[in-house]
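Have a look at the structure below, then the notes.
The values are calculated or read from the model by the stated rules, or taken from the named source; none is laboratory data. Only a predicted model underlies this, so the values are computations on that prediction, with no experimental measurement involved. Don't worry about glycine lacking a Cβ; one is built from the backbone with ideal geometry, like all the others, and counts go over all protein chains shown.
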């Protein structure tokens with residue numbers, strides 16, 4: 001089974017992604033911020049991370065930097081509710097797999 005870690009500070013976004021992924025046969029773990037995601041990475045085998053960029057505490061960029069500095073190359077799909085034209089995604093040297101703008105909660 002494919003293991004996905006969904007990390008987003010918005011409970012509705014986490015629940016939506018978790019529900020869709022589980023219905024499609026994925027094993028899903030969730031975290032509300034970067035620190036919780038790092039803990040989940042220690043506790044579970046994760047095949048891919050769906051990662052919000054803007055979160056309180058440890059944001060998506062800090063999480064990615066920490067993960068890569070520790071030698072973990074798990075693929076990351078960064079998601080954001082911000083429109084990229086208005087808020088350009090900061091390009092990171094940490095080898096983020098892909099950036100995606102989400103439309104959760106009608107945003």
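Looking only at region 58-72, how many residues end up being out of contact with any helix residue (DSSP H, G or I) (no Cβ under 6 Å at 6 or more places or on another chain) and either closer than 15 Å to residue 8 by Cβ or touching a residue at least 24 places away in the same chain (Cβ under 8 Å) (or both)?
Count: 9.
Search region 47-57 for residues being surrounded by fewer than 19 Cβ atoms within 10 Å (Cβ to Cβ) and under 13 Å from the mean Cα position of the chain (by Cα), and hand back the single one that is nearest to residue 75 (Cα to Cα).
Ranking the qualifying residues of region 47-57, first place goes to 48.
If we scan region 22-33, do we find a residue that is touching a residue at least 60 places away in the same chain (Cβ under 8 Å) and surrounded by 17 or more Cβ atoms within 10 Å (Cβ to Cβ)?
no
Conditions first: (1) out of contact with any helix residue (DSSP H, G or I) (no Cβ under 7 Å at 6 or more places or on another chain); (2) modelled with pLDDT under 90. Residue 43 passes all but one, so which condition is the exception?
Among (1) out of contact with any helix residue (DSSP H, G or I) (no Cβ under 7 Å at 6 or more places or on another chain); (2) modelled with pLDDT under 90, the lone unmet condition for residue 43 is (2).
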